[in-house]
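**Student:** I have a structure here, written as structure tokens, and I will follow up with some questions on it.
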Amino acid sequence: MSKLVANVVIAGLTGMALSYERLEQYMHIPSEAPEIIQCNQPVLNWPTIGRVEIHDLKVRYWPNAPLVLQGISYIFGGNKIGIVGRTGSGKTTLINVLFRLVEPTERTIFIDDLNISTIGFHDLRSHFGVIPQEPTLFSGSVRYNLDPLLELTDKEIWEVLEKCQLRKAIQKKEEGLYSLAHSLAVFTLKRMEIEPEKHGYNKDSLVGDSEVAFSSCLNFKELRGKLWRCKQMEGGYET
């Protein structure tokens, strides 16, 4: 018993030491650019077209490292674009540069004739949305997960939930939008496993848990996509 307690104490101290080490590293990370640059803010409805211009873009993750993007040039906009490539070809890096999670080594990107390197991070990132490959649920309510910044009304959220076939599942929970997101995800997953036809999926196509989970991911991805469009259209534009 004493050996078990000692192991637990050692594990706790090790975790605390690692936390301190991480904090020490973060304290020396250079700060990002300002969130807002008052003298250079985009108009409220930017971008209106979504025209992206990339000219000889080069990116590396740290000084003296090899280039990850080696002179990409492309112009697109107003269409749905798919970026295809093998693992490590730079697909994710390109998205990171669009949000300036990584700054370009050479050249930059223009969106609707605006150099994204000249505006603040908040002005840039608040105008774009990302639907991840896999939905992530945070601790808290369903409403908090879908609208953490409290920018949408309950009515708007319910309307989008209806379009994604998730409204009934949430209404059956006593707390509704304020029920815990994790419990709702499990509840919805089980319902789809038992009654897949009611959720728009062919029973024969649901072979195992992975397929059911994938269908649930599609629902949550569609939900967040519709919520983003709802938010953008409220401001007078849609992306």
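Where a number appears in this text, it was derived from the coordinates with a stated rule and is not lab data. Computed from a predicted model, the values in this text were never measured in an experiment.
**Student:** I need the per residue convex hull volume for segment 52-125, using only the alpha carbons, in cubic angstrom as a whole number. Mind showing how you got there, number by number?
**Tutor:** Working: hull volume 7.3 nm³, N = 74.
Here the figure is 98 Å³ per residue.
**Student:** In whole Hz, what ³J(HN,Hα) sequence does segment 44-55 give by Karplus (6.51, -1.76, 1.60; θ = phi - 60°), x for Gly and Pro?
**Tutor:** 4, 9, 6, x, 8, 10, x, 6, 10, 10, 10, 10
**Student:** Can you give the Kirkwood hydrodynamic radius for segment 1-148, in Å, rounded to one decimal and based on Cα pairs?
**Tutor:** Working: mean 1/r = 0.0528 Å⁻¹.
Roughly 18.9 Å, rounded to one decimal.
**Student:** Rounded to the nearest Å, what's the spacing between the alpha carbon centres of segment 4-32 and segment 142-162? Just the number, please.
**Tutor:** Using only Cα atoms to place each centre, the spacing works out to 36 Å.
**Student:** Right, another one. What is the distance in Å between the Cα centres of segment 44-74 and segment 90-129?
**Tutor:** Computed from Cα coordinates, the inter-centre distance equals 7 Å.
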